[in-house]
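The values are calculated or read from the model by the stated rules, or taken from the named source; none is laboratory data. Nothing here was measured: the structure is a model prediction, and the numbers come from that model. When we count neighbours, we look across all protein chains shown, and the Cβ atoms used for this are built from the backbone with ideal geometry, even at glycine. These area figures cover heavy atoms from the full protein model, side chains too; ligands, DNA and RNA do not enter into them. Shrake-Rupley method; radii C 1.70, N 1.55, O 1.52, S 1.80 Å.
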Amino acid sequence: FGSRSKAQAEQAFRTVLFVRAQSVVADIIREMGLVDAIFVWILASAALAGGSVPGCDPNSDIGGCQAQEEAGLLQLPQQKQQSSLLPVAGSVEDLVKGRGGWLDGHQHIGAGANWMGQVMCLSKSQARMEQLFQTTAWKAGLKEASEMDGFVEHKPINGGTGVDDLYLYSIFARERIGKVEMTAITTQGFAEEVEKCRIDMEDYAAVHLIGEGLVSAIVDGSDIDRAATHGSGTIFPLLLCLAEVQHAHADDETPILRRRLLRTLLSSSPLHDFDAGYVMRGSLYHGKNELRYRYEVQETIDAGIVDSSIFIALSSIEDDIKAAFHSPTALASFKSRFHFGINGCQLSTSGGLVQLQEWSQEAGRIIVSRKNYSFPDKTEDLIASFSDKDIIGMDSLSPEKFIFSRKEGGELVVKITRAMLAAAKKKGQRMVMHIHAGEGSPVYDYDALFSNGTQLPLAPLEPVPGGVPAKLAELKKKFFGMRPDKFRQMCSAAKEERLLDPDFLPVKRITELGAASCAEEFPRNTPVGRSAELIGQTRCTPGEPAHYETARMNLDTLLDIVEQDILPKAEFKDVQKWIMFRFGHATHATPAHAIRMSKLGISVDLNLGSNIMTGAIDVKIPDAAQFPFGSKPGILNSNQWDELKDLEGEPAKLVYMFRDHSVLSVLLSGTPFILGTDGTGVEKSNLEGQFGAVDSMMRYYNEMGPIPVQWFHAGQAPYTLIAHRRVNQLYKLFGHYHGLACRHKALQNQKAFADWLDGKP
């Protein structure tokens, strides 16, 4: 037995720990041999007698096993308003003791605030809030709250506009101020006045969206392109659902149904593509950027984020952004790390055309389609922005419907890297080459949704000064091209309490023929890779959404560019001292991708909750109420993750939900990673929930990975069987995970990233 490796011994040890039934003793003996089985049983018995905790690191920096288990069950407190900026937390203890806060590695301007933050931007909403703030109930209720433990004093953000609306934003977004719950404020009339104000504001928003908002979007070429031509085409029909509720006879149910529809329209939702949500939000805050950014700053503070990577489509920081994000309150609360974004299609040009994903029924998968596609070339603006001290990196924006080109896309990446390296050295500041890649963008099945397979309109209507385009009424009658039965089904789904009930948008799915033509999932020179090759298993699975392979193809291309065109070149010999290459999402990275990223030193930001909300991964859960993300009522709740203690108790469900996600491969390969929200308010996903989720999944991996699936096949629920099969296959490649509990590793990583950015070579 002494000749066995440590990994083999640990695998045998865990097998004995988890297989206790007498009926499988014979299987253990056959698997290991009688002598080894007896010897390991003795070791297991001794360990159990000693009371060790599976997955616990006694030498961890948070005080041993008992402290770790207690920390795992602890609901971490919200960050309090600070007079000086907190550092990024590097441990659970930092968070618990208030010595550090969260780092958000992935945030978009326009996606930060809760959907009510957009409603609050309307002029009528501002006037209605002022009425509320003059009431005795509001003043007395706020005074009562300020005297409670856990109250957080809000401070002005941009200019002398007061703080009452900031308190109201916290109530709308989280139903609390600091740690003071709305339900704890007992002042007579306070809750009633706040709710009446909210109902009125939501009424204003509904009237605006189904009227002026729809008209402004329907005549704008850019909005049509985002919401219909290249989007799901469902956002305009959803406005009709809202109009039906708005125009129906008002009753007690009207406000709640309207609220659910507004939530659907203004947040990420399984009922529309996320880019269409930006169109709807933009119509509410149009011309009111000072308010839009004001509430985004307050959201960041309320979320306990002290360091945020923010992606903007501007080459210089606008005055409205500076007024909010560079205000004394913001500067004392968090660091803003701005990245200038270019359109992702700029990396997809080939011979004057743009490479787009296109569904091929014949091939049973995505093929590359080269088409004329107009977009603003912001390369020179991007390079010029690098000299700005407030710009610390770049980003590639837009849904990943494009397929990166190896030649021209590679040349552009090299050009940008060269310019960024020179700028970083000149201003003595490390920078980030951030590229959205590996997330993919769903290929919607228009034939299943729309009459004649066509979403309407595909081109903007002719504007009518001060009026409504004549063709709009006809489009409404046709439900913007949507089949009547699908329209009714969608309206019903939009009124559901939970965000993920039911699954609705149909997408193109890869066929068995298409899957057979995909590349390998595992490295060929590994046992699991050879086994997969023998049975014809590729990285594509029949029935999976077609966009998964678009995401993988883009990762193939980017890895080749970094590996072959940048890192070996003499001019870039010190590039990784100054520049971090980071892939945004990398949702569909295969184990082979993850191993390459680790070897090349490429980091990843994982955005788990966002990938569910945007449809980047297909979770296919039977009942949202029973799963650890999406089970909470979704109207007011800003976070859809279960509490930490519940996440730890549902690891198989988490692994099932993320069975198509790269998260385990990234962690197991040693790829540097941080976590992001992709927009705390819009995506309904906070950082604490994600940290708990990765920790729970990795514990499950270590416990169930070494156990053959067939041993428990008959006794497992279908989702558990799928989760078990996934970790078992990954275990054959990566073996036991030996690092710190993943929550602690993730916290260390976020601090290391912040320290790296602030340091100099």
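Values for this structure:
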quantity: Looking only at region 516-538, and only at residues there that are within 16 Å of residue 363 (Cα to Cα) and either among the polar types (S, T, N, Q) or in contact with a helix residue (DSSP H, G or I) (Cβ under 9 Å, 6 or more places away or on another chain) (or both), the one that is surrounded by the most Cβ atoms within 10 Å (Cβ to Cβ); calculated: 518
quantity: Some residue of region 494-514 being out of contact with any helix residue (DSSP H, G or I) (no Cβ under 9 Å at 6 or more places or on another chain), open to solvent by less than 20 Å² (accessible area, probe 1.4 Å) and closer than 30 Å to residue 637 by Cα; calculated: no
quantity: Identity of the residue in region 143-179, open to solvent by less than 20 Å² (accessible area, probe 1.4 Å) and touching a His at 6+ places or on another chain (Cβ under 8 Å), that ends up farthest from residue 330 (Cα to Cα); calculated: 177
quantity: Residue within region 448-467 that is small (Gly, Ala, Ser), open to solvent by 20 Å² or more (accessible area, probe 1.4 Å), under 21 Å from residue 265 (Cβ atoms) and assigned to a helix (DSSP H, G or I) present; calculated: no
quantity: Answer from 595, 612 - the residue that is under 19 Å from the mean Cα position of the chain (by Cα) and buried (at least 20 other Cβ atoms within 10 Å of the Cβ); calculated: 612
quantity: Some residue of region 280-302 being assigned to a helix (DSSP H, G or I), farther than 30 Å from residue 98 by Cα and among the β-branched types (Val, Ile, Thr); calculated: no
quantity: When residues of region 315-349 are limited to those that are part of a loop (DSSP other than H, G, I, E, B) and in contact (Cβ under 8 Å) with a residue 60 or more places away in the chain, the one most open to solvent (accessible area, probe 1.4 Å); calculated: 316
quantity: Hits in region 539-556 (condition: assigned to a helix (DSSP H, G or I) and open to solvent by less than 10 Å² (accessible area, probe 1.4 Å)); calculated: 547, 548, 549, 550, 551, 554, 555
quantity: Cβ-Cβ under 6 Å pairs, at least 6 apart or on other chains, region 592-610 side in a strand (DSSP E or B), far side surrounded by 24 or more Cβ atoms within 10 Å (Cβ to Cβ) and small (Gly, Ala, Ser); calculated: 604/586; 605/105; 605/584; 605/676
quantity: Filtered residues of region 468-486 (kept if free of Cβ contacts under 8 Å to residues at least 40 places away in the same chain, in contact with a strand residue (DSSP E or B) (Cβ under 9 Å, 6 or more places away or on another chain) and part of a helix (DSSP H, G or I)); calculated: 486
quantity: Checklist (1) open to solvent by 20 Å² or more (accessible area, probe 1.4 Å); (2) in contact with a Phe, Trp or Tyr (Cβ under 8 Å, 6 or more places away or on another chain); (3) modelled with pLDDT of 95 or more applied to residue 727, failing item; calculated: (1)
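A quick yes/no check of all residues on (1) at pLDDT 95 or above; (2) open to solvent by 30 Å² or more (accessible area, probe 1.4 Å); (3) more than 27 Å from residue 100 (Cβ to Cβ); (4) not hydrophobic (A, V, I, L, M, F, W, C):
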| position | (1), (2), (3), (4) |
| --- | --- |
| 675 | yes, no, no, no |
| 695 | no, no, no, yes |
| 731 | yes, no, yes, yes |
| 750 | yes, no, no, yes |
